[in-house]
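Trainee: The structure is given below, and queries will be raised subsequently.
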Amino acid sequence: MSKKDIIISEDQAFLRMARICSRKEYSPFDISQKLYRLGFSSEAIENIINKLKTENYINEERFARSFVNDKLLINRWGVKKIEMHLKYKQLSQSVIDDILSEYSNTELNSSLQSILIKKWRQVKGESDYEKKGKLIKYALGRGFKMDAIIQCINNLNLNDNDIN
């Protein structure tokens, strides 16, 4: 008998998801995906998620705050990339906007600046122009906005003689 063949009740699924949610923050979308893989109907999934929400195992704002904090401070992602991932997790736009508004531009710019300085040392190129192009592409991939990237590069005044 494989793991897929094991059938569990809604109450058992609730207890399993409560145990999972007590260890780590999950979005309602993540939990619904887990329950779907266990073979539950959409109605049962909705019931379990609502019960998890009422007992405060799942909280969209708490999940979003934790996610944003981790991605900004640890992974050093930009706002656009974080917002895209939160939308993928099917969080409401109002929750996303509220959480992202808590972080100031100075925090984001200092994060961007440290990323650009570190990457400048690693980038290979024929000229400063080519290296700056690669730097811009890298920062865009990290989810930073183009105007912030250009402004930061200009403020750093990067060239081959600087930052060794």
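The values are calculated or read from the model by the stated rules, or taken from the named source; none is laboratory data. Since the model is a prediction, treat every value here as computed from it, not as a measurement. So basically every Cβ, Gly included, is an ideal-geometry build from the backbone, and we count neighbours across all protein chains shown.
Trainee: Can you go through 110, 101, 42 and tell me which one is under 30 Å from residue 135 (Cα atoms), without any contact (Cβ under 8 Å) to a residue 12 or more places away in the chain and over 18 Å from the mean Cα position of the chain (by Cα)? If you could, list the steps in order and put the result at the bottom.
Mentor: On the way: 101 fails: over 18 Å from the mean Cα position of the chain (by Cα); 42 fails: under 30 Å from residue 135 (Cα atoms).
It is 110.
Trainee: Now, a different point. Regarding residue 66, is this residue in contact with an Asp or Glu (Cβ under 8 Å, 6 or more places away or on another chain), surrounded by 13 or more Cβ atoms within 10 Å (Cβ to Cβ) and hydroxyl-bearing (Ser, Thr, Tyr)?
Mentor: yes
Trainee: So which helices (runs of 4 or more DSSP H) stay within the range 8-64 end to end and still have 1 or more residues that are farther than 28 Å from residue 94 by Cα?
Mentor: Answer list for the range 8-64: 10-23, 28-37.
Trainee: If residue 144 satisfies all but one of (1) farther than 28 Å from residue 156 by Cα; (2) outside any helix (DSSP H, G or I); (3) among the hydrophobic types (A, V, I, L, M, F, W, C), what's the number of the condition it fails?
Mentor: Going through the list (1) farther than 28 Å from residue 156 by Cα; (2) outside any helix (DSSP H, G or I); (3) among the hydrophobic types (A, V, I, L, M, F, W, C), residue 144 breaks only (1).
Trainee: Among (1) assigned to a helix (DSSP H, G or I); (2) touching a residue at least 40 places away in the same chain (Cβ under 8 Å); (3) under 19 Å from residue 153 (Cα atoms); (4) in contact with a helix residue (DSSP H, G or I) (Cβ under 8 Å, 6 or more places away or on another chain), which single condition is residue 77 missing?
Mentor: Going through (1) assigned to a helix (DSSP H, G or I); (2) touching a residue at least 40 places away in the same chain (Cβ under 8 Å); (3) under 19 Å from residue 153 (Cα atoms); (4) in contact with a helix residue (DSSP H, G or I) (Cβ under 8 Å, 6 or more places away or on another chain) one by one, residue 77 breaks only (1).
Trainee: Does residue 130 satisfy the condition of being outside the structural domain of residue 28 (by TED's automatic domain parsing), assigned to a loop (DSSP other than H, G, I, E, B), farther than 17 Å from residue 25 by Cα and among the acidic types (Asp, Glu)? Please lay out each step first, then the result.
Mentor: Values: outside the structural domain of residue 28 (by TED's automatic domain parsing): yes; assigned to a loop (DSSP other than H, G, I, E, B): no; farther than 17 Å from residue 25 by Cα: yes; among the acidic types (Asp, Glu): yes.
The answer is no for residue 130.
Trainee: Also: Report, by residue number, each residue of the range 118-127 that is in a helix (DSSP H, G or I) and surrounded by 15 or more Cβ atoms within 10 Å (Cβ to Cβ).
Mentor: Within the range 118-127, 119, 120 qualify.
Trainee: Go through (1) assigned by TED's automatic domain parsing to the domain that holds residue 138; (2) in contact with a Leu (Cβ under 8 Å, 6 or more places away or on another chain) for residue 115 and report which single condition fails.
Mentor: Every listed condition holds for residue 115 apart from (2).
Trainee: Something else now. Evaluate the following for residue 112: is it over 23 Å from residue 68 (Cα atoms), of a type in the set (A, V, I, L, M, F, W, C) and either assigned to a helix (DSSP H, G or I) or touching a helix residue (DSSP H, G or I) at 6+ places or on another chain (Cβ under 7 Å) (or both)?
Mentor: Judged against the criteria, residue 112 is not a match.
Trainee: Let me ask another. With the structure loaded, tell me whether residue 14 is touching a residue at least 12 places away in the same chain (Cβ under 8 Å), closer than 30 Å to residue 83 by Cβ and surrounded by 12 or more Cβ atoms within 10 Å (Cβ to Cβ) or whether it fails that test.
Mentor: No; evaluated as a whole, the condition is false for this residue.
Trainee: crowded, with 16+ Cβ neighbours inside 10 Å and not assigned by TED's automatic domain parsing to the domain that holds residue 150, is that true of residue 78?
Mentor: yes
Trainee: Would you point out which residue out of 66, 110, 127 is among the hydroxyl-bearing types (Ser, Thr, Tyr), at pLDDT 90 or above and at negative phi?
Mentor: Exactly one of 66, 110, 127 is among the hydroxyl-bearing types (Ser, Thr, Tyr), at pLDDT 90 or above and at negative phi, namely 66.
Trainee: If you don't mind, another one. Could you tell me how many of the residues in the range 136-150 are over 16 Å from the mean Cα position of the chain (by Cα) and buried (at least 16 other Cβ atoms within 10 Å of the Cβ)?
Mentor: 4
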